[in-house]
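> Dumping the structure here so I can ask a few things about it.
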Amino acid sequence: MTDATSAASRILELRSELDQHNYRYYVLDEPSIPDAEYDRLFRELQALEAEHPELVTPESPTQRVGGEALSAFGEVRHEVPMLSLGNAFEDEDLRAFDRSVQSGLGLQGGDLFGGGVEVEYSCEPKLDGLAVSLLYRDGQLVRGATRGDGSTGEDITSNVRTIRNVPLKLQGEGWPQVLEVRGEVFMPKSGFEELNARQAEIGGKTFANPRNAAAGSLRQLDPKITASRPLEFCCYGVGQVSGELPGTQVTMLQQLKSWGIPISRELKLAKGIEACFDYYRDIGERRMSLAYDIDGVVFKVNTIEDQQQLGFRARTPHWAIAHKFPAQEELTELLDVEFQVGRTGAVTPVARLNPVKVAGVMVANATLHNMDEVARLGVMIGDTVIIRRAGDVIPQVMQVVLERRDPSVVRPVQIPSECPVCGSAVERTQLIKRSKGKESLSEGSVYRCVGRLSCQAQLKQAIIHFVSRRAMDIEGLGDKTIEQLVDEKLIGSPADLYKLTYEQIIGLEGFAEVSSNKLLKAIADSRKPTLARFIYALGIPDVGEETAKVLARSLASLARVRQALPQVLTYLPDIGLEVAHEIHSFFEDEHNRQVIDALLGECGLQLQDEGGLNAEFTAIATLGGMLDKLNIPSVGPGAAQKLAERFISLEGVLAGDWLDMRQTLPEKQAKAVRDFFDNTENARLARAIEQQLREFGMHWESEKKVVEGLPLAGQTWVLTGTLELMSRDVAKDKLEALGAKVAGSVSAKTTCVVAGPGAGSKLAKANELGVRVLDEAQFVAALGEYGVQA
Ligand code: JCF
């Protein structure tokens with residue numbers, strides 16, 4: 001093949017590929033490759049066409065800019081063409097732009113150093129949205145249009161009218177009779193997240209990024225859909241104008257702002273190109289905390305007369321440029337998927353990638369989170385994938401480029417059946433769910449190595465966690481040292497730390513006399529942790545610092561925490577069934593028990609602040625509440641309450657005869673209760689829970705007292721908004737213990753509404769109906785009046 005024929009065939013290939021991506025981008029709003037990859041293909045075509053001008057055709061994507069008008073909308077001709085911007089990727093591109101501006105304005109060599117006169121530039125972030133034109137006649141919005149190809153766009157008047165910050169009428173006075181403003185329609189990041197969550201919930205289409213979401217929302221044939229989308233407009237310039245506007249970019253935009261047109265809050269004036277670099281760096285640093293996506297900053301020659309003198313070429317002005325940030329998304333190949341074992345044994349897939357530079361940093365690995373994520377992405381080893389790295393966030397695999405999949409090469413990602421580190425079984429986690437008195441198991445998204453501390457990977461992580469600052473706080477024991485200790489089998493559990501000798505430590509890499517003694521002292525000094533720190537240091541799955549503190553404060557002894565039944569743990573603030581089971585099974589594990597016994601025995605650990613029971617746990621238990629926690633099949637809270645009212649005590653229920661029970665409950669439920677307690681295991685569990693609640697100091701109320709003469713008997717309360725001093729469950733328990741019913745909605749029968757921050761429709765309804773409303777502080781005070789502590 002000659003050079004020319006191979007160029008010709010590559011050109012055809014690139015054109016068809018670019019046409020396809022253009023269609024996906026502009027018509028479907030569903031691009032399958034990152035912008036950076038599109039730009040590369042585009043530039044490759046441009047370069048080939050420049051080498052072979054005879055091969056350029058009018059249909060080539062290089063000869064057209066922007067999207068084709070969608071036939072469903074009317075056409076709009078732009079009297080003044082809508083320009084796009086040239087790009088500067090490197091610093092040098094921006095300096096070249098500045099030099100060409102200077103020469104265009106005849107300013108070169110203007111000072112002693114030959115550096116020319118400093119040009120003033122307006123600066124603003126470059127929003128990642130869609131360019132639109134808004135036409136105002138006599139101050140009224142009469143037309144909205146997309147940019148389209150720059151000379152013809154689509155008429156989207158009904159849609160832009162739904163954008164909340166687009167004024168339908170201009171404010172103030174002095175606006176020109178005809179005023180066409182131009183700007184970007186975009187979707188803020190938060191609105192995008194909410195929209196996607198909403199769409200996922202109703203099984204609708206979700207969007208890859210805010211830009212696609214904005215495009216998909218703006219080009220809806222039904223403006224009601226557009227209206228439901230969180231779009232915003234930001235003006236950056238003007239088109240047709242009758243009459244005069246202020247003479248600089250910045251003053252002109254400020255004038256538009258005074259008429260009610262939104263402009264960028266980040267608009268600044270920079271004197272000289274160095275100030276532009278400062279602006280670029282400043283916005284770059286704040287990029288992640290901005291409310292919207294941007295892909296660079298825009299610099300414009302500030303003086304409008306100068307802009308006119310500089311003019312434009314094809315469709316880009318000589319007086320403005322977009323200084324792009326490094327792309328956050330790139331394409332690469334997924335070479336392999338490896339599995340890492342974490343502290344709690346979670347086996348997580350990690351993508352090994354053909355290294356690629358993303359946002360300025362080489363990326364060779366990316367997280368795949370879990371196997372559900374692998375399935376959601378549909379990713380296979382050997383696929384081409386899109387990698388995204390935003391700010392300090394770890395690189396993510398965003399999407400598979402299916403067009404680039406070679407079915408003969410790819411293979412599925414499989415979770416290993418054995419732990420890659422210790423060879424123990426890998427099991428899928430189970431989720432315990434409860435509804436209507438039924439406990440059901442479903443598959444979790446996490447797989448776990450069951451090896452616990454016999455798995456070296458888990459052991460290393462467990463010890464790293466154990467010694468960490470907020471846990472046992474042993475200084476001088478870095479990750480590398482811990483790895484070495486485990487690899488050389490010097491320690492097999494956290495307890496072994498306390499048995500390390502001077503000789504063993506000085507034999508480690510990086511240790512000398514002084515540092516060895518220091519470490520020994522640090523280990524010895526860690527022997528008196530608080531109970532909360534110690535519980536946290538154990539590294540029980542799902543037990544973070546907060547939960548550890550709750551356990552320590554409420555139960556006030558490790559012995560009680562170790563014994564606690566899961567159902568009893570759920571009486572503690574913010575401990576759900578899931579976590580309760582994790583805690584319970586952690587302490588059931590034989591290996592864990594041995595390690596804890598060793599720590600408290602031969603290692604000499606002494607836990608501080610163990611002691612009497614704390615008020616936090618002296619919540620009020622009722623028989624009904626306890627029966628509910630037993631999860632008797634088909635028996636919900638209502639039925640549990642009826643049982644309690646009828647039988648008064650647990651022994652009463654256990655002995656309750658069938659006829660009695662059938663008078664109280666429908667036959668099916670009565671039978672379920674009888675069957676449940678006829679199983680001696682269940683009866684024993686119920687007695688154990690009741691006994692433990694008493695032992696742990698639970699303030700036990702008999703049902704009899706509950707139904708009669710309680711201070712809030714006959715009242716109906718509603719809890720809404722966020723409660724900060726206690727969980728809603730606890731608040732509900734306390735109200736019920738005082739005899740109140742707690743309902744989910746407000747009506748004229750509601751006695752009182754407790755409204756925390758964020759309360760919405762229920763609070764509004766209460767105010768409308770004149771129902772009494774308490775804030776949380778008032779609520780706590782009210783409880784206090786009845787002798788109940790918050
Ligand atoms: O924010 C933008 N995406 C943006 C686009 C800002 C500008 O000042 C622009 C633009 C496109 C063309 N100015 C022009 C002339």
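No lab work stands behind these numbers, since they all come straight from the coordinates. Keep in mind it's a predicted model, so treat the numbers as computed, not measured. Quick reminder, even Gly has a Cβ in these numbers, built from the backbone with ideal geometry, and neighbours come from all protein chains shown.
> With r as the distance between the Cβ atoms of ASN354 and ASP278 and R0 = 45 Å, compute the FRET efficiency 1/(1 + (r/R0)^6) and round to 0.05.
After rounding to 0.05, the efficiency reads 0.80.
> Restricted to Cα positions, what overall size does the stretch 329-378 have along the principal axes? Three whole-Å values, descending.
Largest to smallest, the principal-axis extents are 33, 24, 17 Å.
> Let me ask something else. Give me ILE387, ILE463, ILE394 sorted ascending by neighbouring Cβ count inside 10 Å, so fewest comes first.
Working: ILE387 24, ILE463 28, ILE394 10.
Fewest-to-most ranking of ILE387, ILE463, ILE394: ILE394, ILE387, ILE463.
> Convex hull volume of the Cα atoms in the stretch 77-324, per residue, in Å³? Kindly include the intermediate steps, with their values, before the conclusion.
Working: hull volume 30.3 nm³, N = 248.
Roughly 122 Å³ of hull volume per residue.
> Using alpha carbons only, how many degrees (0 to 90, rounded to 10) separate the axis of helix 189-201 from the longest principal axis of the chain?
60
> Another one. Across bins of 5 angstrom width beginning at 0, how are the C-alpha pair distances of the stretch 66-208 distributed, in whole percent?
2, 8, 12, 13, 14, 14, 12, 11, 7, 4, 2, 1, 0, 0
> By residue number, which cysteines of the chain lack any other Cys whose Cβ falls under 4.7 Å from their Cβ?
Within the chain, the cysteines lacking a partner Cβ under 4.7 Å are CYS123, CYS234, CYS235, CYS276, CYS603, CYS752.
> At what distance in nm do the modelled label points of VAL80 and GLU418 sit from each other, each positioned 7 Å from its Cα along Cα→Cβ?
Simple spin-label model gives 7.3 nm for this pair.
> If the only charges are +1 at each Lys and Arg Cβ and -1 at each Asp and Glu Cβ, what is the size of the charge dipole of the stretch 77-324 around the Cα centre, to the nearest 20 debye?
Details: 29 positive and 33 negative charges, 183 e Å.
With only Lys, Arg, Asp and Glu charged at Cβ, the dipole is about 880 debye.
> Under a cut-off of 16 Å between alpha-carbon atoms, report the aspartates and glutamates in cross-link reach of LYS480, not counting same-chain residues fewer than 8 places apart.
Those aspartates and glutamates meeting the cut-off are GLU488, GLU509.
> Now, a different point. Could you run the Debye sum over the Cα atoms of the stretch 716-785, one equal point scatterer each and no solvent, and tell me log10 of I(q)/I(0) at q = 0.15, 0.16, 0.17, 0.24 Å⁻¹, two decimals?
After summing over all Cα pairs, the log10 values are -0.40, -0.46, -0.53, -1.09.
> Still on this model: Please compare each pair in LYS126/LYS257; LYS671/LYS749; LYS732/LYS762; LYS642/LYS741; LYS489/LYS549 to a cut-off of 24 Å on the Cα-Cα distance and tell me which ones are over it. Working shown, then result.
Numbers: LYS126/LYS257 18 Å; LYS671/LYS749 35 Å; LYS732/LYS762 16 Å; LYS642/LYS741 14 Å; LYS489/LYS549 33 Å.
Table pairs above 24 Å Cα-Cα are LYS671/LYS749; LYS489/LYS549.
> Based on the Cβ-Cβ distance of LYS257 and LYS205, what FRET efficiency does E = 1/(1 + (r/R0)^6) give at R0 = 30 Å, to the nearest 0.05?
On the way: r = 35 Å, r/R0 = 1.17.
About 0.30, to the nearest 0.05.
> Now, a different point. Give, rounded to the nearest 20 debye, the magnitude of the charge dipole that the chain has about its Cα centre when Lys and Arg contribute +1 at Cβ and Asp and Glu contribute -1 at Cβ. Please report the intermediate quantities before stating the final value.
Working: 87 positive and 111 negative charges, 487 e Å.
Result for the chain is approximately 2340 debye, rounded to the nearest 20.
> With Cβ to Cβ distances under 13 Å as the rule, what net charge do the other residues near ARG593 carry (K, R +1; D, E -1)?
Details: positive: ARG452, ARG562; negative: GLU588, ASP589, GLU590, ASP597.
In short, -2.
> Residue farthest toward the positive end of the dipole of the chain, with Cβ of Lys/Arg at +1 and Asp/Glu at -1: which of SER228, LEU519, ALA640?
ALA640
> Output needed for the stretch 532-704: three equivalent-ellipsoid semi-axes, defined as square roots of 5 times the C-alpha gyration tensor eigenvalues, in descending order, whole Å.
On the way: eigenvalues 241, 51, 34 Å².
Ellipsoid semi-axes (Å, largest first): 35, 16, 13.
> May I pose another question? Could you state the orientation-averaged shadow area of the convex hull built on the Cα atoms of the stretch 452-526, in nm² to one decimal? Don't skip to the answer; put the middle values down first.
Numbers: hull surface 17.5 nm².
So the mean shadow area of the Cα hull is 4.4 nm².
> Further, regarding this structure: Please give the net charge around ASP3, taking every other residue with its beta carbon less than 14 angstrom from that of ASP3, where Lys and Arg add +1 and Asp and Glu add -1. Write down the numbers at each step before the final one.
On the way: positive: ARG10; negative: GLU51, GLU54.
Residues close to ASP3 contribute a combined charge of -1.
> Taking neighbour counts of Cβ atoms within 10 Å as a proxy for exposure, in what order, fewest first, do LEU55, LEU83, LEU630 appear? Provide the component values of the computation, followed by the final result.
On the way: LEU55 14, LEU83 21, LEU630 18.
Ranking LEU55, LEU83, LEU630 by Cβ neighbours within 10 Å, fewest first, gives LEU55, LEU630, LEU83.
> Another one. As a test of the definition: which semi-axes, in Å, follow for the stretch 4-69 when you take the square root of five times each eigenvalue of its alpha carbon gyration tensor? Largest first, please.
Values: eigenvalues 92, 30, 18 Å².
After diagonalising the Cα gyration tensor, the semi-axes are 21, 12, 9 Å.
> Go from 0 up to the bin containing the longest alpha carbon distance in the stretch 347-480, width 5 Å each, and give me the % of pairs per bin.
2, 8, 13, 14, 15, 16, 15, 9, 5, 2, 1
> Magnitude of the Cβ-charge dipole of the stretch 292-424, K/R +1 and D/E -1, about the Cα centre, nearest 20 debye? Mind dumping the intermediate values first?
Details: 13 positive and 16 negative charges, 43 e Å.
So the dipole magnitude of the stretch 292-424 works out to roughly 200 debye.
> Using square roots of five times the C-alpha gyration tensor eigenvalues, list the equivalent-ellipsoid semi-axes of the stretch 254-402 in whole Å, biggest first.
Values: eigenvalues 357, 58, 40 Å².
Largest first, the stretch 254-402 gives 42, 17, 14 Å.
> Charges on Cβ only, +1 for Lys and Arg, -1 for Asp and Glu, centred on the Cα centroid of the stretch 532-704; of ALA537, ASN682, GLY624, which one is farthest towards the dipole's positive end?
Comparing the listed Cα positions along the dipole, GLY624 ranks first.
> Treating the angle as unsigned and between 0 and 90°, give the value, to the nearest 10°, between the Cα long axis of helix 577-588 and the longest Cα principal axis of the chain.
Rounded to the nearest ten degrees, it is 60.
> Sorting HIS52, HIS318, HIS323 on the 10 Å Cβ count, fewest up front, what's the list? Before the final figure, lay out the partial values.
Details: HIS52 14, HIS318 17, HIS323 25.
Least to most surrounded, the residues fall as HIS52, HIS318, HIS323.
> Dipole of the chain (Lys/Arg Cβ +1, Asp/Glu Cβ -1, origin at the Cα centre): which of VAL718, ILE463, PHE312 lies farthest to the positive side?
My answer, from the dipole projection, is VAL718.
> Once fully extended, how much extra length lies between ASP675 and SER445, figured as 0.36 nm per residue of separation less the alpha-carbon to alpha-carbon distance?
Working: separation 230, 0.36 × 230 = 82.80 nm, distance 3.38 nm.
Roughly 79.4 nm would be gained on extension.
> Using only Cα atoms, tell me the angle between helix 513-525 and the longest principal axis of the chain; keep it within 0 to 90° and round to the nearest 10.
Helix 513-525 sits roughly 50 degrees off the main axis of the chain.
> Expressed as a fraction of 2.2 N^0.38 Å, the rule-of-thumb size for a compact globular protein of N residues, what is the C-alpha radius of gyration of the chain? Don't skip to the answer; put the middle values down first.
Working: Rg = 34.3 Å, N = 790, 2.2 N^0.38 = 27.8 Å.
Compared with the compact-globule rule of thumb, the chain sits at 1.23.
> Follow-up. Working out 0.36 nm times the residue gap between ARG646 and GLN240, then minus their Cα-Cα distance, what length gain in nm do you get to one decimal? Let's see the in-between values first.
Details: separation 406, 0.36 × 406 = 146.16 nm, distance 8.15 nm.
Gain in length upon complete extension: 138.0 nm.
> Less than 10 Å Cβ to Cβ from GLY191, Lys/Arg counted +1 and Asp/Glu -1: what total charge do the surrounding residues give?
Numbers: positive: LYS189, ARG229; negative: GLU193, GLU194, GLU232.
Residues close to GLY191 contribute a combined charge of -1.
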